[in-house]
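This report refers to the structure that appears directly beneath it.
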Amino acid sequence: MTAPTEVQGTVGLRMFISATAPETVDEAGFTSTDIVWTEIEQIGTPGNHGGTKNVNTFIPVKTGTVAKIGGSTDYGTMSMMLGNLYSDAGQRLLETAFGQRNTHYSFKMQYDDGNAVTDETHYFRALVSQFERQDGDANGVRQIACTLNISSNIVVVAPT
Amino acid sequence: MSGVLIIRAKLAAHAPLTAIVPAARIMEGDLPEGTPVPAISITQVDSIPRVTVKGGATYFTERVQVTVFTADAEVDGSSASGYTGLRAILDLVRAACPHTRGTVGGVKCDAIVLDIEGPTLAVANPAMVSRSRDFLVRWSS
């Protein structure tokens with residue numbers, strides 16, 4: 001059993017939510033058995049996740065070369081689209097999280113690495129800042145637009 | 001193919017329709033050669049699964065085509081023949097398949113949505129005319 005050696009598709013991705021915060025924002029913290037994960041079903045589009053670094057610049061007149069200095073990092077927002085399924089516990093927890101003004105939740109994204117022993121898994125903390133029902137037209141499927149404002153670095157656990 | 005089952009169940013259960021087209025002549029797939037008319041063929045045009053990133057699909061949208069065949073009015077002067085007969089039977093097909101949510105024909109039906117009606121086609125031997133109506137049928141497993 002080894003990590004994949006080819007590029008893979010997104011199909012097979014599973015996403016989970018927990019109201020419990022990790023003791024530490026790292027693999028040990030997120031994989032603790034204290035955190036109980038609830039799967040979020042009917043994810044049509046998971047959205048993007050990752051950081052953008054603010055870059056400060058300074059131009060010394062001596063050289064005229066723009067110096068770049070790393071500043072703050074924003075881990076951005078993740079815009080998900082879900083198929084509405086009221087009976088899904090994960091979707092109910094997302095809606096509960098949205099209803100709380102400033103309570104951050106833990107998230108886990110588990111990719112399907114085929115024969116890997118441990119799938120590549122991403123963990124992070126986020127504030128649910130959007131939970132919008134989108135009904136569409138007669139030919140549409142009821143969906144939910146859900147935005148996660150990511151408030152921690154992304155903890156990436158490599159596949160093995 | 002579950003969309004076909006749903007539409008067939010709806011048509012076969014609609015008494016005004018089966019008074020003109022007996023349930024035994026409302027068939028899934030192509031009509032066997034020699035089938036008396038008027039008759040109805042129900043076929044699947046396509047089936048689109050709604051695939052989630054998790055993989056697999058439990059929700060499908062199918063285009064189901066209902067084609068009505070009836071005798072040419074010059075051959076059979078009954079009210080079920082010719083253009084007039086086609087019109088009347090297709091109106092009943094439409095009435096038999098309103099939006100429905102629930103178990104139909106053993107399938108969990110989410111929606112039946114009316115779609116396009118096609119052109120009138122004529123066949124010389126045997127002398128028949130036909131026209132079809134599409135439905136978009138959504139069902140889940």
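Residues in the range B:28-59 that are more than 12 Å from chain A (Cβ to nearest Cβ), without any contact (Cβ under 8 Å) to a residue 60 or more places away in the chain and crowded, with 19+ Cβ neighbours inside 10 Å: B:PRO38, B:ALA39, B:ILE40, B:SER41, B:ILE42.
Has the range A:4-11 got at least one residue that is touching a Ser or Thr at 6+ places or on another chain (Cβ under 6 Å) and more than 14 Å from every other protein chain (Cβ to nearest Cβ)?
Residues of the range A:4-11 that are touching a Ser or Thr at 6+ places or on another chain (Cβ under 6 Å), as a first pass: none.
Checking the range A:4-11: not a single residue is touching a Ser or Thr at 6+ places or on another chain (Cβ under 6 Å) and more than 14 Å from every other protein chain (Cβ to nearest Cβ).
One residue stands out among those in the range B:6-27 that are over 13 Å from B:VAL66 (Cβ atoms) and either in contact (Cβ under 8 Å) with a residue 40 or more places away in the chain or not in a helix (DSSP H, G or I) (or both): the one that is nearest to the other protein chains (Cβ to nearest Cβ), which is B:ALA13.
Is it the case that A:LYS62 is assigned to a strand (DSSP E or B) and either over 14 Å from the mean Cα position of the chain (by Cα) or farther than 17 Å from A:GLN110 by Cβ (or both)? Steps first, answer last, please.
On the way: assigned to a strand (DSSP E or B): no; either over 14 Å from the mean Cα position of the chain (by Cα) or farther than 17 Å from A:GLN110 by Cβ (or both): yes.
When the stated conditions are applied, A:LYS62 does not pass them.
Matching residues to (1) farther than 16 Å from A:ILE154 by Cα; (2) over 14 Å from the mean Cα position of the chain (by Cα):
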site	(1), (2)
A:ILE17	no, no
A:ASP34	yes, yes
A:GLU39	yes, no
A:GLY47	no, no
A:ALA67	yes, yes
A:ASP74	no, no
A:GLY99	yes, yes
A:TYR105	no, no
A:MET109	no, no
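Select from the range A:70-97 the residues that are within 14 Å of chain B (Cβ to nearest Cβ), touching a residue at least 12 places away in the same chain (Cβ under 8 Å) and under 20 Å from A:ASP135 (Cα atoms) and list them in ascending order. Correct list: A:SER79, A:MET80, A:MET81, A:LEU82, A:GLY83, A:ASN84, A:LEU85, A:ASP88, A:GLY90, A:GLN91. For the range A:59-70, the criterion of being modelled with pLDDT of 95 or more, within 18 Å of A:ILE150 (Cβ to Cβ) and not charged (D, E, K, R) is satisfied by no residue at all.
The number of residues in the range A:76-95 being within 30 Å of A:LYS53 (Cβ to Cβ) and assigned to a helix (DSSP H, G or I) comes to 1.
Tallying residues that are more than 14 Å from every other protein chain (Cβ to nearest Cβ), of a type in the set (A, V, I, L, M) and either surrounded by fewer than 14 Cβ atoms within 10 Å (Cβ to Cβ) or part of a loop (DSSP other than H, G, I, E, B) (or both) within the range A:106-155 yields 3. Residue check: B:GLY34 meets all listed conditions (1) part of a loop (DSSP other than H, G, I, E, B); (2) touching a Ser or Thr at 6+ places or on another chain (Cβ under 7 Å); (3) under 22 Å from B:ALA73 (Cβ atoms) but one, namely (2).
The values are calculated or read from the model by the stated rules, or taken from the named source; none is laboratory data. Because the structure is predicted, anything quoted here is derived from the model rather than measured. Cβ: placed from backbone, ideal geometry, glycine included. Neighbour counts: every protein chain shown.
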